[in-house]
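To start, the structure itself, in structure tokens.
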Amino acid sequence: MSDPKDPPQAQDEELAKLKEIAARAQADLQNAKIRMEKEAQEIRSFAMQGLLEKLLPTISNFQRAFEHLPEDIADHDWVKGLYVTEQQLMADLQSVGLKKIESMGQPVDSQIHEVLQTAEGDKDIVVQVLEEGYTLNGKVIRPAKVVVGNGD
């Protein structure tokens, strides 16, 4: 710390140094705050991903059940209630960033598709989806399991 008896130039230099130290400290504090917010968001996102990965098999089971629903009970109110519940669950999950990968008729992409077999159809085009794939906020959390055309 400068002495009040120091020349004004020395006091100005000392003041400039202190201002620089204060500015650096403020910048460091701001950077730490931004870093902590980003880390907190990553933790929340990771937790959400883990939960959704656990729910995806249940969601797939709902979808398979509706695909194989016997016609004689399709119009039953209880079945309609289950369908509405499944639709609400999917809407809620979509609101937090879950998105179904649209695969049918699309070119195969190793980033989002897991090819389980080939069949008759346009070469390297998805001809059947065996299990839906999903992304969470743009990140693939489960690739779609697909059948791809072999060009025949």
Count, please, the residues in the range 59-77 that happen to be assigned to a helix (DSSP H, G or I), touching a helix residue (DSSP H, G or I) at 6+ places or on another chain (Cβ under 9 Å) and under 30 Å from V140 (Cβ atoms). 5
Across the range 125-150, what is the number of residues that are in contact with a Ser or Thr (Cβ under 8 Å, 6 or more places away or on another chain) and either assigned by TED's automatic domain parsing to the domain that holds A65 or on the phi > 0 side of the Ramachandran plot (or both)? 1
Looking only at residues that are polar (S, T, N, Q) and at pLDDT below 90 in the range 20-48, which one is surrounded by the fewest Cβ atoms within 10 Å (Cβ to Cβ)? Q41
Condition check: surrounded by 17 or more Cβ atoms within 10 Å (Cβ to Cβ) and either within 27 Å of Q41 (Cα to Cα) or not hydrophobic (A, V, I, L, M, F, W, C) (or both). Does R64 satisfy that? no
From the list K80, K123, pick out the single residue that is part of a loop (DSSP other than H, G, I, E, B), farther than 19 Å from E53 by Cβ and of a type in the set (K, R). K123
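Residue by residue, here is whether (1) closer than 17 Å to R64 by Cα; (2) small (G, A, S); (3) touching a strand residue (DSSP E or B) at 6+ places or on another chain (Cβ under 6 Å) holds:
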| position | (1), (2), (3) |
| --- | --- |
| L98 | no, no, yes |
| Q111 | no, no, no |
| A119 | no, yes, yes |
| V127 | no, no, yes |
| L136 | no, no, yes |
| G149 | no, yes, yes |
Can you confirm whether Q111 is assigned to a loop (DSSP other than H, G, I, E, B) and among the polar types (S, T, N, Q)? yes
Condition broken by I101, with the remaining ones in (1) modelled with pLDDT under 95; (2) touching a Phe, Trp or Tyr at 6+ places or on another chain (Cβ under 9 Å) satisfied: (1)
Residue under question is S103, and the condition is that it be among the polar types (S, T, N, Q), outside any strand (DSSP E or B), under 14 Å from R142 (Cα atoms) and assigned by TED's automatic domain parsing to the domain that holds G138; does it hold? yes
Residue list for the range 126-145, restricted to those being over 20 Å from F46 (Cβ atoms) and part of a strand (DSSP E or B): V126, V127, Q128, V129, L130, E131, A144, K145
Out of contact with any helix residue (DSSP H, G or I) (no Cβ under 6 Å at 6 or more places or on another chain) and outside the structural domain of G133 (by TED's automatic domain parsing): is that true of E86 in this structure? no
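The values are calculated or read from the model by the stated rules, or taken from the named source; none is laboratory data. These numbers were taken from a predicted model, which means no experiment stands behind them. Note that each Cβ is placed from the backbone with ideal geometry, even for glycine, and that neighbours are counted across all protein chains shown.
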